[in-house]
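I have placed the structure first, in the form of structure tokens, so that the comments after it can refer back to it.
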Amino acid sequence: MKVPVSRLPDIRTIVPGSVMPEVPASDPGRDVDRTARALRSLAGIFVLTWSFRLSGYLTFTPWLAIPVVFLGLTGLLVIVAAWLPSSVLDDRRQHQIGWVTLGAVLVALALWSYFQVFIAPDYPTDEIAFDQYAAQLAWHGINPYLHSMAPAFPLFHVSPNGYTFQLNGQPVTALSYPALSFEAYLPLLALGVTTQAAVWTNVAAWALGAVILYAVLPRNLAPLAVVVASADIYIGYAVGGVTDALFVPLLIGAAVSWDRFASARGPAAWRGPICMGLAMAVKQTPWFVVPFVVAGIVLETRRSSGTGQALRAGLRYTGIAVASFLLPNLPYLVSSPGAWLRGILGPLTADAVPAGQGLVSLSLSLMVGGGSLLAYNVAAAVIFGALLACYVVTYPALKRGAFLLPSVALFFAARSFGSYLVMLIPATLAAAASTRCSRHGPPWRWWKWVVACSVVASGVVVGIAVTAHSPLTMSIQSVQTTGQLATVQQVTVNVANNTGASVQPAFTVEDGTTMTAFWQRQQGPAVLGPHQKARYTLVAPSYFAMPSIENGFQVLAFLGHPASVSRTAAYLVSTWRVILSPDTIGHTVALGQEITVQAEIVNRLDQQLRVADEPVYLGQVIYAQQGLQYSQAVINHGLAGETPVEALTNDAGVATFVIHSSVAGSNPVYFEANLVNPTWFYPYGYSPILTVRFGS
């Protein structure tokens, strides 16, 4: 006989003290709730990080302790609140707390941005300087597309390392962006604000983008806006001279529910394409999003309303977007169409040096490719077309990546800056969270062939780019440093032309990911003949272009014909350095009293190197308020004031120095040890400075 479930005994009545095991919940709603709580906790963690960021500036402004304390406590309370039961804080209250969290982050962003400007007021990039200078010209009725932007360099104190250089070593001096990139600064100029106007406009645009993102994301995902708004890469770009923040709020507006364009009525039918057009009027990056969005609109509409209606929807979206793009550009397009067109196409047509964090970094840092910069741009174009084809034939599989797929293609371009790769992400989040889950039929029956051909074509063009041999073979023959400044001011390079044509190389130095201003050719032929070898002596054009000897560097050579890059191997002075023991002497040393200082050779991981008979040099100097003064201390029974003094290491890699002084002074003596390259005689591996105060 079947026993009813309701009459079955409870296992807890059979086994006293036992506990019924919990059955794992499979409720999707519970997973969503946990996701929301986790994201709110993450938002609280980022509020805490703002407290830590700002605490570094307390000595500049003591009252900053108030927001530091407030942000720290707010971050902790947000995390606690995120996990309170719904009966205590329902979803609506949690969302309101999220707004407070975002507000705290934006206040912190404004304060942090102020201190970044306060510490380093010079404009770090040419693009932000060009845009503000163009805005100032436009404010006075002058067409900036007809004028050189070179006066912006001294006007905004742009370091030469912040210039955009052509392959011949000359800086770009033409305005290279659509008109809204500088018209966005006109409101502040109209108010009489010229100091840091571009920086504050960029920061305000990023803050506005964060607010819009929080408002359009579903409540369970809205805390992502706090996370994105606080990410180092974005706030660094906003205050650091990258103007992409200007199009972020516009592109988010274009991304929200973009797939409903054909069925939308009223203002909602205009919002998307207008925002897209205005985003395109700021910078060229949003241009590459348009084909994916238009294709998606056509495909969405075709499956519900037929091909004719779909094409009309796509054309209507394109027309509104193009009109919105042209509106802020119209005065310059009408007055000088050629100059305007050359300006907005500048980043695509100018022979600018390759740079960025994309695939091209292999050719800039490793002995991989570099023989054809055109091959990288062709690869980017082919991959862009391949992605668009795959997007169309597999639609709607890639629908929610429509706003980010262009970044994948730009990753393979010769200029693939980090901003190209990350600034489309906020709009992608808005699009992915607001578009409908399309339940259409299966993809096109030949989609596998399209995907396979796309993969093969992409692999071929990438292979060509990374296997095109550099035209020059280069090696660093010697360097000359600045001594205690620990920078390189002169480099001698051996160069061999592997081609059958004469070339005219232009040289620069790459320090990490930073490409300096082009170096001056002091010796060596301007034109290197076919299969010819030569030795070039290059000197830094300024202090800013001198790489550190501690971090290593490499020399790059660019050719315009063919457009290519060649490079030396990385030059690292040594992984050795010196440390002193004791590292501090906190009391006054009596006159005539001897102190023993040991200089130990270690590697970059502070591991002791047992190298015997290695010369170590200990120098002494007094850094007085009025300038450098000679010290009168005696090192290893040498002459008073003798500097530097050499000592050899023992079997343990330790050199010993005995120091005393018979002269007292109001200023301490500063001792510093270093090593010297035995071939080129430059100092390196400087120790931390040891200060000793001699007195009665």
Subject >> Among (1) of a type outside the set (S, T, N, Q); (2) open to solvent by less than 60 Å² (accessible area, probe 1.4 Å); (3) more than 30 Å from Ser566 (Cα to Cα); (4) assigned to a helix (DSSP H, G or I), the one test that Tyr395 misses >> reply: (4)
**OP:** Kindly provide the set of residues from region 555-576 that are out of contact with any strand residue (DSSP E or B) (no Cβ under 6 Å at 6 or more places or on another chain), in contact (Cβ under 8 Å) with a residue 24 or more places away in the chain and of a type outside the set (S, T, N, Q), ordered by number.
**Re:** Gly560, His561, Pro562, Ala563, Ala569
Original post:
Could you say whether any residue in region 125-139 is within 18 Å of Ser181 (Cβ to Cβ) and not in a helix (DSSP H, G or I)?
Top reply: yes
Original post:
Which of the following residues is closer than 24 Å to Met280 by Cβ, modelled with pLDDT under 95 and open to solvent by less than 20 Å² (accessible area, probe 1.4 Å): Gly241, Gly209?
Top reply: Gly241
Subject >> Flag for Arg312 being of a type in the set (Lys, Arg) and closer than 19 Å to Ala433 by Cβ >> reply: no
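Among the strands (runs of 3 or more DSSP E) lying completely within region 445-545, list those that include at least 3 residues that are over 18 Å from Leu572 (Cβ atoms).
Passing ranges, in order: 488-497, 506-511, 520-523, 533-539.
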Original post:
Is region 250-257 home to any residue that is open to solvent by 10 Å² or more (accessible area, probe 1.4 Å), over 25 Å from Met276 (Cα atoms) and more than 23 Å from the chain's Cα centre (by Cα)?
Top reply: no
Original post:
Within the bounds of region 337-352, is there any residue that is open to solvent by 40 Å² or more (accessible area, probe 1.4 Å), within 23 Å of the chain's Cα centre (by Cα) and under 17 Å from Pro286 (Cα atoms)?
Top reply: yes
**OP:** Please list, ordered by first then second residue, the pairs with beta carbon atoms under 7 Å, 6 or more apart or interchain, first in region 520-534 and on the phi < 0 side of the Ramachandran plot, second surrounded by fewer than 11 Cβ atoms within 10 Å (Cβ to Cβ).
**Re:** Pro530/Gly500
**OP:** Output yes when any residue across region 366-381 is β-branched (Val, Ile, Thr), more than 22 Å from the chain's Cα centre (by Cα) and under 30 Å from Ser257 (Cα atoms), and no when none is.
**Re:** no
Original post:
For region 306-369, which fully contained helices (runs of 4 or more DSSP H) count at least 3 residues that are of a type in the set (Gly, Ala, Ser)?
Top reply: 307-335, 337-344, 361-365
Original post:
Does region 70-102 hold any residues that are surrounded by 13 or more Cβ atoms within 10 Å (Cβ to Cβ) and of a type in the set (Gly, Ala, Ser), and which are they?
Top reply: Gly72, Gly75, Ala81, Ala82, Gly98
Original post:
Quick check: is even one residue across region 132-149 at positive phi and either under 25 Å from the mean Cα position of the chain (by Cα) or open to solvent by 20 Å² or more (accessible area, probe 1.4 Å) (or both)?
Top reply: yes
**OP:** Can you confirm whether region 283-305 contains a residue that is under 30 Å from Ala120 (Cβ atoms), hydrophobic (A, V, I, L, M, F, W, C) and open to solvent by less than 10 Å² (accessible area, probe 1.4 Å)?
**Re:** no
**OP:** Report, ordered by the first and then the second residue, all pairs with beta carbons closer than 8 Å, sequence separation of six or more or different chains, a first member in region 139-165 that is free of Cβ contacts under 8 Å to residues at least 24 places away in the same chain, and a second member that is among the aromatic types (Phe, Trp, Tyr).
**Re:** Pro151/Tyr133
**OP:** Go through region 455-512 and give me each residue that's farther than 28 Å from Ala379 by Cα and β-branched (Val, Ile, Thr).
**Re:** Ile476, Val479, Thr481, Thr482, Thr487, Val488, Val491, Thr492, Val493, Val495
Original post:
Restricting attention to region 582-599, and to residues there that are within 41 Å of the chain's Cα centre (by Cα) and exposed (fewer than 13 other Cβ atoms within 10 Å of the Cβ), which single residue is nearest to Ala652 (Cα to Cα)?
Top reply: Pro582
Subject >> Yes/no for Phe325 being of a type outside the set (Gly, Ala, Ser), under 22 Å from the mean Cα position of the chain (by Cα) and modelled with pLDDT of 95 or more >> reply: no
Original post:
Does Ser574 satisfy being within 39 Å of the chain's Cα centre (by Cα) and closer than 30 Å to Ala352 by Cα?
Top reply: no
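Applying the selection to region 110-128, what residues are crowded, with 23+ Cβ neighbours inside 10 Å and touching a residue at least 60 places away in the same chain (Cβ under 8 Å)?
Listed by number, the residues that qualify are Tyr123, Glu127, Ile128.
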**OP:** Find the helices (runs of 4 or more DSSP H) located wholly in region 3-112 whose residues include 1 or more that are at pLDDT below 90, and list them.
**Re:** 11-14, 28-55
**OP:** Quickly run through region 576-618 and pick out the residues that are touching a Pro at 6+ places or on another chain (Cβ under 8 Å) and at pLDDT below 95.
**Re:** Asp583
Original post:
Given the residues Ala386, Ala355, Ala397, Ala427, which is the only one that is at pLDDT 95 or above and touching a Phe, Trp or Tyr at 6+ places or on another chain (Cβ under 9 Å)?
Top reply: Ala427
Original post:
Can you tell me how many residues in region 542-554 are surrounded by 16 or more Cβ atoms within 10 Å (Cβ to Cβ) and either over 26 Å from the mean Cα position of the chain (by Cα) or under 15 Å from Phe165 (Cβ atoms) (or both)?
Top reply: 1
**OP:** Might you check whether a residue that is open to solvent by 50 Å² or more (accessible area, probe 1.4 Å) and part of a strand (DSSP E or B) occurs anywhere in region 557-576?
**Re:** no
Original post:
When the residues of region 475-531 are filtered to those that are of a type in the set (Gly, Ala, Ser) and under 27 Å from Asp126 (Cα atoms), which remaining residue is most open to solvent (accessible area, probe 1.4 Å)?
Top reply: Gly512
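Restricting to helices (runs of 4 or more DSSP H) lying wholly in region 198-287: which have 1 or more residues that are free of Cβ contacts under 8 Å to residues at least 40 places away in the same chain and among the hydrophobic types (A, V, I, L, M, F, W, C)?
Numbers: elements: 223-230, 232-239, 248-255, 267-280.
Ranges flagged: 248-255, 267-280.
The values are calculated or read from the model by the stated rules, or taken from the named source; none is laboratory data. Small disclaimer: the values here were computed from a predicted structure and weren't measured. We place every Cβ from the backbone using ideal geometry, glycine too, and count neighbours over all the protein chains shown. When the accessible area is computed, the model is the full protein with side chains, heavy atoms only, and any ligands, DNA or RNA have been set aside. Shrake-Rupley method; radii C 1.70, N 1.55, O 1.52, S 1.80 Å.
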